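The values are calculated or read from the model by the stated rules, or taken from the named source; none is laboratory data. Note that the coordinates shown come from a computational prediction; the quantities given were computed from them, not determined experimentally. For neighbour counting, all protein chains shown are included, and Cβ atoms are generated from backbone atoms with ideal geometry for every residue, glycine included.
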Amino acid sequence: MTYIESEGLFAVVDDSQKKKLLLFDQTGAYKGTRPIQYLSPDYVPSHFEGMAYIPPSSSTFPDHLIMVVSDSAPFRLEVVRRDGVVVSEIYRSDWPSTLTDPFVGDVAYLAPNRLLITTYDSSIWTLDFSGNVLSGPLPFPSANGFEGIVQMKDGRIVAVGYPQNLFFFDRNLTRLPASDRADVIGLNLLNPSGVAWNSDTDQFLITSGFFPTTAITAVPTSLDTANPVVDAPEYRFKQQLTYLAAEHLIAVVSAGSPRAIVLFNTNGTFNSEIALSPGALGFDPGSPLGITYIPTTDEFLIGFNGNPVDPISAQQAEKRRLRVFSRAGAFVREIDLTPTGTESVAALTYFEDAGGGGGRLMILGSAGRILITDLDGHSLKSNGRLFGEFNGRAKLDMVTRAAIAAITTGPLAGSFAMVDRRGGEIVIFRLD
């Protein structure tokens with residue numbers, strides 16, 4: 001996204017509409033599209049990244065846009081008129097691998113006649129409009145990967161470290177750390193990937209953060225505070241989790257090394273570990289994704305992502321499957337969800353049917369579907385009717401649903417909570 005000063009409009013590009021500029025005014029009101037006409041009518045980039053505006057004061061391509069695209073080449077810079085016509089492409093086959101190998105995050109105009117490039121390895125490069133490297137890389141490891149970059153009217157340069165830290169520089173790229181900002185949004189639980197319900201405290205347990213610093217935090221239903229519970233940096237891929245109320249334990253799947261169900265006490269200390277490695281299981285279902293605990297049978301249900309070395313058909317079959325493990329970690333059986341029509345299982349939670357029908361599973365399936373099944377994975381009752389199904393995208397406006405949990409105690413008992421990874425949201429809802 002960039003701001004077109006001469007028109008007072010924001011221009012946005014999107015991977016789902018690779019031949020359009022989307023326009024919005026300063027209130028966010030949609031102002032239509034303009035077709036992008038590439039140098040070759042047959043060309044379509046595979047991905048958009050950053051975008052910048054070249055002001056009228058520039059001696060080169062004044063009042064134009066410039067955007068980062070990728071295709072078979074690591075990246076190209078497309079120079080675009082405001083009407084969407086591409087007039088030039090900046091690309092050099094002799095760019096060093098230290099520039100092309102890290103993913104490029106953004107481009108910015110640097111007065112009077114240069115370009116700034118940021119990369120995901122937290123470096124900044126300076127190019128001219130012919131693509132010649134003038135300086136770089138300038139590394140700033142503390143940024144955790146640069147996304148956007150811009151030069152302000154006072155000459156200072158601001159780069160965005162992932163996900164939301166602002167790093168300031170003077171016009172010569174000398175750091176100005178006193179001006180840095182670390183903006184906190186909401187509870188500052190970034191990239192939430194798991195949620196469970198602690199019935200002992202009537203609070204949510206949420207995994208969040210970015211590799212390698214994912215952690216587990218307790219959040220009340222008022223959603224106004226966040227208290228750290230588990231850090232354990234040695235388990236680097238903590239994702240979805242569940243709660244064992246009778247034992248007062250937090251169980252989280254670790255998808256890295258070790259691949260395991262890791263159990264923690266509620267004070268955050270390590271309790272025990274159940275191996276899910278191929279050696280321990282005798283087979284390799286791939287990385288674990290969703291997990292839930294069934295108290296009535298003292299078992300775990302886990303969805304896996306499939307072994308990447310297996311044929312595609314075998315990987316797809318694994319994604320449509322749930323595996324049942326005893327509390328001690330012994331493999332018990334598998335549940336095939338193919339008859340439900342879902343292509344994958346993003347997350348799941350156990351709950352008791354309020355109508356007295358016994359235990360049920362709520363499953364985040366493919367294409368936004370949220371399914372309810374019995375404990376054998378059947379989505380249909382004996383009379384042929386669905387236990388229940390709705391679309392989370394349509395009903396809850398949640399696109400990147402990461403995890404779901406049943407709320408079993410307190411004033412919200414009978415409700416459910418779902419977290420959205422990209423939106424950084426938690427939504428509480430009921431079925432009635």
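Of the strands (runs of 3 or more DSSP E) that lie entirely inside the range 1-41, those containing 2 or more residues that are without any contact (Cβ under 8 Å) to a residue 12 or more places away in the chain span 30-35.
Among the residues making up the range 332-370, those that are over 23 Å from THR207 (Cα atoms) and hydrophobic (A, V, I, L, M, F, W, C) are VAL332, ILE335, LEU337, ALA354, ALA367.
I'd like to check something: does the range 114-123 contain any residue that is closer than 26 Å to GLN17 by Cα, of a type in the set (S, T, N, Q), buried (at least 21 other Cβ atoms within 10 Å of the Cβ) and in the same structural domain as TYR162 (by TED's automatic domain parsing)? Within the range 114-123, one or more residues are closer than 26 Å to GLN17 by Cα, of a type in the set (S, T, N, Q), buried (at least 21 other Cβ atoms within 10 Å of the Cβ) and in the same structural domain as TYR162 (by TED's automatic domain parsing). In the range 387-400, the residues that are touching a residue at least 24 places away in the same chain (Cβ under 8 Å) reach residues that are β-branched (Val, Ile, Thr) and in a loop (DSSP other than H, G, I, E, B) with C-beta atoms within less than 9 angstrom, at least six apart or across chains, in these pairs: GLY392/VAL399; ARG393/VAL399.
Using the structure shown, decide if PHE270 is under 21 Å from the mean Cα position of the chain (by Cα) and in the same structural domain as SER415 (by TED's automatic domain parsing). Judged against the criteria, PHE270 is not a match. In the range 107-115, is there at least one residue being modelled with pLDDT of 90 or more and either within 30 Å of GLY424 (Cα to Cα) or in a helix (DSSP H, G or I) (or both)? So far as the range 107-115 goes, yes, one or more of its residues are modelled with pLDDT of 90 or more and either within 30 Å of GLY424 (Cα to Cα) or in a helix (DSSP H, G or I) (or both). Among the residues of the range 245-263, just one is modelled with pLDDT under 95 and charged (D, E, K, R), namely ARG259. Taken over the range 296-316, the residue count meeting the criterion of being exposed (fewer than 15 other Cβ atoms within 10 Å of the Cβ) and closer than 29 Å to GLY357 by Cβ is 2. If the condition is being closer than 16 Å to ASP71 by Cβ and surrounded by 13 or more Cβ atoms within 10 Å (Cβ to Cβ), then the range 12-31 contributes VAL13, LYS18, LYS19. What is the residue count in the range 93-108 for residues that are over 29 Å from the mean Cα position of the chain (by Cα) and among the aromatic types (Phe, Trp, Tyr)? The total comes to 1. Each residue in the range 274-292 was checked for being surrounded by fewer than 15 Cβ atoms within 10 Å (Cβ to Cβ) and either on the phi > 0 side of the Ramachandran plot or not in a helix (DSSP H, G or I) (or both), and 4 pass. Residue-level analysis places THR342 among those that are touching a helix residue (DSSP H, G or I) at 6+ places or on another chain (Cβ under 6 Å), of a type outside the set (Asp, Glu), surrounded by 14 or more Cβ atoms within 10 Å (Cβ to Cβ) and within 22 Å of SER193 (Cα to Cα). When ARG321, ARG333, ARG385 are screened for being farther than 22 Å from GLU247 by Cα and within 25 Å of the chain's Cα centre (by Cα), only ARG321 passes.
I need a count of the residues in the range 382-399 that are of a type outside the set (S, T, N, Q) and loosely packed, with under 12 Cβ neighbours inside 10 Å.
The total comes to 4.
In the range 178-195 there is at least one residue that is closer than 26 Å to ILE302 by Cβ, modelled with pLDDT of 85 or more and in a strand (DSSP E or B). Just one of the listed residues (ALA275, ALA251) is touching a residue at least 24 places away in the same chain (Cβ under 8 Å), in contact with a Phe, Trp or Tyr (Cβ under 7 Å, 6 or more places away or on another chain) and either among the small types (Gly, Ala, Ser) or not assigned by TED's automatic domain parsing to the domain that holds SER344 (or both), namely ALA251. Being surrounded by 16 or more Cβ atoms within 10 Å (Cβ to Cβ), in a strand (DSSP E or B), at pLDDT 85 or above and at negative phi is a condition met by at least one residue of the range 221-236. Taken over the range 45-57, the criterion of being more than 25 Å from the chain's Cα centre (by Cα) and part of a loop (DSSP other than H, G, I, E, B) is satisfied by PRO55, PRO56, SER57. Listed conditions (1) in contact with a strand residue (DSSP E or B) (Cβ under 7 Å, 6 or more places away or on another chain); (2) free of Cβ contacts under 8 Å to residues at least 24 places away in the same chain are all met by GLY365, apart from (2). Contact map, the range 167-189: first residue closer than 18 Å to GLY145 by Cβ, second residue outside any helix (DSSP H, G or I) and modelled with pLDDT under 75, Cβ cut-off under 6 Å, separation 6 or more or different chains; pairs are ASP183/GLN164. Filtering the range 89-104 for residues that are at pLDDT 90 or above, crowded, with 21+ Cβ neighbours inside 10 Å and in a strand (DSSP E or B) leaves an empty set.
The C-beta contact set for the range 213-227 (first residue in contact (Cβ under 8 Å) with a residue 40 or more places away in the chain, second residue part of a strand (DSSP E or B), distance under 6 angstrom, 6+ apart or interchain) comprises ILE216/LEU205; ILE216/THR207; ILE216/VAL229; ILE216/VAL230; VAL219/PHE204; VAL219/ILE206.
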